Amino acid sequence: MHSFAPGALAWLGTLTVHSTVLLAVAWVLTRLRINDPVREAVWKAAMLGALVTASVQFAIGVEPFGGHLVSVATEPARPVIAPAPATVGAERIAVPDAPEPVDWRFLVLLAAASAAALALLVDGLEALRLRRRLATREHCSDPIVVAALDRVRRSIGVSTKVRLSVSQQLATPIAFGVLRPEICLPEAVGERLDAAQLDGLLAHEIAHLQHRDPLWLRVFATLTSLFPWQPLFRLGRREFQRVSEFRCDADAAELASSVSVASCLVEVAGWVGTGDASLSAMSAGMAANPSMLERRVDRLLDEPRGRRVRPIWLVPVLTCLLASVTLAMPGFTATPLPRAASRGASLIDVLSELDDECADLAKSFTALQRDLAGVELDEATVRVVAALAYRLNQLDQRRIDLRIRILESLGGARRLEHEARRK
């Protein structure tokens, strides 16, 4: 895990920087006078583009504009030579190993994983809450609503079967499901709305399913939970949901009249009262966010209707364009793994350092012998000094043997590498 931490933290840092830049650019672009489908494609590309650019830059090892920030902030680990066990007489005294220092990058990665796990837990509880609310739903048998759904599907040209259900636990209609698309309505919708309003409501929900908005909302909610320290992901999800509601309102207005859709919005918003986080995060609802009601009604009544382009191809194109700016975007990089040549050079440096330490130790012992030359020593002290000299000689001999073995191993490895290259 410690070896995995630098690379993972570098990727997370790069993702944070890239998502900040891309989502900020998306926010600026969507303030311009562009239509809703293009605005929606920009937000999708910005949300997913950060994952692409960060992964590409990390995978191919592009030199980031911001420099090797992780490498600069982290000093390379110095090799630690464990001391040999000391002896007193015939008994060996075990020398405890030095504790391995904790990498700060591991602690930061652990904190990020804990925050993501907590956010995912909260998100999972919201999903469970919605599932429980939908557990009591029943198949819609109202002939008025069923006939309206068939009529809207034929008018829009939707061949996919859409399940229709009702629930006492819902105050607003919602659309959910990818493989099994479904629209769940509050009870007695057919009695509360007239035919034009009902067509507008169903056309709005079918538009959500056509554009796979429940799937996109689920993906963006997961991104927000996985990276809770990036508040711009919340902004991107909220803006996408806002634009998707505008787009579905316009789609519904092409089938029904703008006045019918606007009056339907006002009516359904009166049922909801306040928004529901679980509905907005897990599904697409016509009035899951009543705070947008005034703006949506104004757009329906004021903006002219016309042929609207649906640039689905803009999502992959914009994602590729955003990914292409990886070469110019700042990022982080992990401390590079040493190659064979660098490992050999580091071992030689360690051996040279060990030689210097042993030479300093021999000088210190020689100085000690000089100091004791004019002092009258008892027999026990003389034995201790002699034993120390013997052990120093053994240590030096082991150092020489170890040095020879390491150099021979490095030479053999280099010969094998040279032969492999020749082949």
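The values are calculated or read from the model by the stated rules, or taken from the named source; none is laboratory data. Keep in mind that this is a model prediction, so the values were computed, not measured. Reconstructed Cβ throughout: ideal geometry from the backbone, glycine too, with neighbour counts over all protein chains shown.
Numerical summary
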{"read-out": "Counted residues, the range 175-208 - those being touching a Leu at 6+ places or on another chain (Cβ under 6 Å), within 11 Å of residue 268 (Cβ to Cβ) and modelled with pLDDT of 90 or more", "value": "0"}
{"read-out": "Top-ranked residue in the range 2-58 [being of a type outside the set (Gly, Ala, Ser) and not in a helix (DSSP H, G or I); ranked as nearest to residue 106 (Cα to Cα)]", "value": "2"}
{"read-out": "Selection status of residue 9, at pLDDT 85 or above and under 16 Å from the mean Cα position of the chain (by Cα)", "value": "no"}
{"read-out": "Top-ranked residue of the range 227-280 - restricted to ones that are among the β-branched types (Val, Ile, Thr) and in a helix (DSSP H, G or I), ranked as modelled with the highest pLDDT", "value": "243"}
{"read-out": "Failed item, numbered, when residue 141 is tested on (1) modelled with pLDDT of 90 or more; (2) farther than 30 Å from residue 110 by Cα; (3) of a type in the set (Ser, Thr, Tyr)", "value": "(1)"}
{"read-out": "Whichever residue in the range 372-383 is modelled with pLDDT of 80 or more and surrounded by fewer than 10 Cβ atoms within 10 Å (Cβ to Cβ) and, among such residues, is nearest to the chain's Cα centre (by Cα)", "value": "380"}
{"read-out": "Single residue of 105, 92, 78 found to be of a type in the set (Lys, Arg), closer than 30 Å to residue 383 by Cβ and at pLDDT below 85", "value": "92"}
{"read-out": "Residues of the range 371-408 that turn out to be among the charged types (D, E, K, R) and in a loop (DSSP other than H, G, I, E, B), as a count", "value": "2"}
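Condition check ((1) modelled with pLDDT of 90 or more; (2) touching a helix residue (DSSP H, G or I) at 6+ places or on another chain (Cβ under 9 Å); (3) exposed (fewer than 12 other Cβ atoms within 10 Å of the Cβ); (4) under 25 Å from residue 224 (Cα atoms)) across all residues:
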site	(1), (2), (3), (4)
126	no, yes, no, yes
156	no, yes, no, no
164	yes, yes, no, no
167	no, yes, no, no
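Here's the yes/no breakdown for (1) crowded, with 23+ Cβ neighbours inside 10 Å; (2) closer than 19 Å to residue 237 by Cα:
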site: 4; (1), (2): no, no
site: 8; (1), (2): no, no
site: 18; (1), (2): yes, yes
site: 33; (1), (2): no, no
site: 37; (1), (2): no, yes
site: 40; (1), (2): yes, yes
site: 47; (1), (2): yes, yes
